[in-house]
1. Among all residue pairs at least 6 apart or on different chains, which show Cβ distances below 8 Å where the first residue, located in the range 457-469, is in contact (Cβ under 8 Å) with a residue 40 or more places away in the chain and the second is of a type outside the set (Val, Ile, Thr) and in a loop (DSSP other than H, G, I, E, B)?
2. Specify the residue that is modelled with the lowest pLDDT; the eligible residues are those in the range 635-691 that are charged (D, E, K, R) and touching a Pro at 6+ places or on another chain (Cβ under 8 Å).
3. Scan the range 658-670 for residues that are within 18 Å of Gly705 (Cα to Cα) and touching a residue at least 12 places away in the same chain (Cβ under 8 Å) and report the count.
4. Taking the conditions exactly as written (surrounded by 13 or more Cβ atoms within 10 Å (Cβ to Cβ), in contact with a helix residue (DSSP H, G or I) (Cβ under 6 Å, 6 or more places away or on another chain) and outside the structural domain of Asn306 (by TED's automatic domain parsing)), does Gly425 satisfy them or not?
5. For the range 179-189, which residues satisfy the criterion of being surrounded by fewer than 21 Cβ atoms within 10 Å (Cβ to Cβ) and modelled with pLDDT under 80?
6. For the range 392-402, state whether one or more residues are outside any loop (DSSP other than H, G, I, E, B), buried (at least 18 other Cβ atoms within 10 Å of the Cβ) and without any contact (Cβ under 8 Å) to a residue 40 or more places away in the chain.
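The values are calculated or read from the model by the stated rules, or taken from the named source; none is laboratory data. Quick caveat, the model's predicted, so the values are computed rather than measured. Neighbour counts are summed over all protein chains in view; Cβ atoms, including those assigned to glycine, are modelled from backbone coordinates with ideal geometry.
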Amino acid sequence: MIEMDSGPLIKKVKKYLPPDKVALVEAAYDFALKAHEGQVRESGDPYIEHPLQTAITLADLQLDATALAAALLHDVTEDAGVPISKIEAKFGHEVSKLVDGTTKLSKISWLAGVADKRESQAQNLRKMLLAMAEDLRVIFIKLADRLHNMHTLGALPPEKRQSIAQETLEMYAPLAHRLGMGQIKWQLEDLSFRYLEPKLYHQIARLLATRREQREEFLAEITETLKQELDKAGIKAEVTGRPKNIYSVYDKIKRYEAQGRDFGDIHDLLAVRILVDTIPDCYQALGVIHNRWHPLPEEFNDFIANPKENGYQSLHTTVLCQGTTPLEIQIRTYEMHRIADYGIAAHWRYKEGEKHDAHFENKISWLRQLIEWQSDMGSEEFLESLKTDVFIDQVFVYTPKGELKALPIGATPLDFAYRIHTELGHRCIGAKVNGKLVSLNYELKNGDIVEIMLTKVNKGPSLDWLNPDLGFTKTSHAREKIRQWFKKQERTQNIERGRQILDREVKRLGLILPNADETARLFDCENFDDFLAAIGYGGITPHQLALNLAAEPEEPQIIEKKIPAKKGPSTAIHVLGVGDLLTHLAVCCNPLPGDDIIGYITRSRGITVHRKDCINIINIEDKKRLIEASWGEAQEVYPVNIQIDAWDRMGLIRDITTVVADAKVNIGNMSTDYHDEITSVFATIEITNMAQLTQLLSKIIGVRGVITTTRVGQAKASLSS
């Protein structure tokens, strides 16, 4: 038997556990060592190293002896064949229950790649939530287990590494964040990123290293200055600098790129942390800092007075040092720092016989709430809710009575209404934020006071609330309640409503509809009436209609040819069985990616590509000169003509052009026509694909006074000969 050293674990637990509890941990280690005798991991290490490292991570969290024992034993049933009954007989029911719960979690596949696995996956996740609600130590063990697995991931085949890293980044790291376990969260993110994007990971690491010496000198100077200033004020404090983890830098780079900025513009790659004894010391230290350096008001956050839902507390301020260099400074107590690193695990104090702890229950109220909602959700909606309602950052708002409510960032007044009560959402006709009327797609901000205005008649929600392009609802909880309302309506009403929406979208986007049965199959519906009903109750959105109906089937024996877009480098069109001929986009119908297209072989200009419903193609006599064509990967802009009809008013054109500009779409030209109090706006816009067009038209229809938005063709032009 290979002897492993349990010394580091026992040394840690002796600092906070009584001797009898330490003995339980030692007994569990000895049992696991014997059970895993002769077993090795893919890395070549003795198997016992894995449960030992899992337990050491939990010992850093100062978890109780029961959790540590379960961590040491969590693989003995599945990998060593030890019956759970034997564990219960030797270590008691509580330890065996944790081992059993952790073993079941190990069998969960978060990222089911095949559609028919989604139901099974959702059921497993429901079981996981229930296990968490019953005893959070199960998920603590699982997170520590995953952390060590990520540290040894390099021993696995590349495909498996990718799969596990993706699973970790999408689910386990956000779960650690939701539980406030920052220390585990950032390690999981960096380790996942390292295997998912190795080139980017090492590139960022090199970029950070290139100016490390200058940053360290800057940091040393700032921390020394801070220590002196705090000493003068009589504040006992620990001042340290810390680099940002690589994945958080990657996130920041992506945000900067979206703003047209580059890596050199990022100044807050380092942050200074100040730890003090008491809350008054935090605010006194803040005053010292703001007296020494100029603060940026928009970068100040008081998470002490307004803690994050996961329990995080700290003062965050950004100041300008050495003239114009921004520096982020965090101020917190030592206890807040422990909670920032270990989150809800830092609150865990298991007491014999204590069934209820009001403070602790409040910390996991979001989990209880999610469990209540999940019983009303289908599998897809439930999986979506985990990603949209749980695993992203929160915004904190107040009811008019001063009750604090947490919602995902980007949430709207409608999300708020449905979070309070389903009927409040159904009857919502408007909202006030901080006493002022706002639109229903207004994005709530921290500290907002939200008041919902109600209709006197119960007319129900609008289907537009489900349209992601209009941005009325962010949370899957709200969307599911809206869908449920429409599902309860008469089927005939849903079919008729669906038919109207389908006709509107087909006309608006200039789409060609396949036959009824083929269309229904595109959306996994048994027949056309089911398809229309799904549109009617919101199961299929206008956005999904546009994307699916505009999709091109893959054709065999395709040769890729280059065709110039209106601006910039060329993009790809696939032409069937043709050599190296020049291709052009027809000016008569302005085809764009997503349209059904066909090629016309000219005598002198190669191939001209038209929409299949182009009037010139329909009326052509020489059909032999037509050739099949389809879109390749479109990367450049294409001109498309649209018509917007709206009630005439001051500021109409300004509001429309603002929406277009916000969508980062260029307007080639624009003209207007006025008739019977209606202004018709004709514009040529430059877009990349059908998805962008449908999103833009959906946003324009939301402009005040707009009646319809439609894609139109240009005046007839003859085929190039």
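1. Pairs found: Leu463/Gly538; Trp465/Leu440; Trp465/Phe472; Leu466/Phe472; Leu466/Gly538.
2. Glu636
3. So the first thing to find is which residues in the range 658-670 are within 18 Å of Gly705 (Cα to Cα), and the list is 658-660.
From what's left, touching a residue at least 12 places away in the same chain (Cβ under 8 Å): 659-660.
Residues meeting the conditions: 2.
4. On the way: surrounded by 13 or more Cβ atoms within 10 Å (Cβ to Cβ): yes; in contact with a helix residue (DSSP H, G or I) (Cβ under 6 Å, 6 or more places away or on another chain): yes; outside the structural domain of Asn306 (by TED's automatic domain parsing): yes.
Yes, satisfied.
5. Scanning the range 179-189 gives a single hit, Gly182.
6. Within the range 392-402, not a single residue is outside any loop (DSSP other than H, G, I, E, B), buried (at least 18 other Cβ atoms within 10 Å of the Cβ) and without any contact (Cβ under 8 Å) to a residue 40 or more places away in the chain.
Matching residues to (1) closer than 20 Å to Met690 by Cα; (2) modelled with pLDDT under 80:
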residue: Asn590; (1), (2): yes, yes
residue: Asp596; (1), (2): yes, no
residue: Arg605; (1), (2): no, yes
residue: Asn616; (1), (2): no, no
residue: Leu626; (1), (2): no, no
residue: Glu633; (1), (2): yes, yes
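A quick yes/no check of all residues on (1) part of a loop (DSSP other than H, G, I, E, B); (2) at pLDDT 60 or above; (3) assigned by TED's automatic domain parsing to the domain that holds Ala176; (4) surrounded by fewer than 20 Cβ atoms within 10 Å (Cβ to Cβ):
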position	(1), (2), (3), (4)
Asp79	no, yes, yes, yes
Ser85	no, yes, yes, yes
Ala89	no, yes, yes, yes
Val95	no, yes, yes, no
Ile108	yes, no, yes, yes
Ala112	yes, no, yes, yes
Val138	no, yes, yes, no
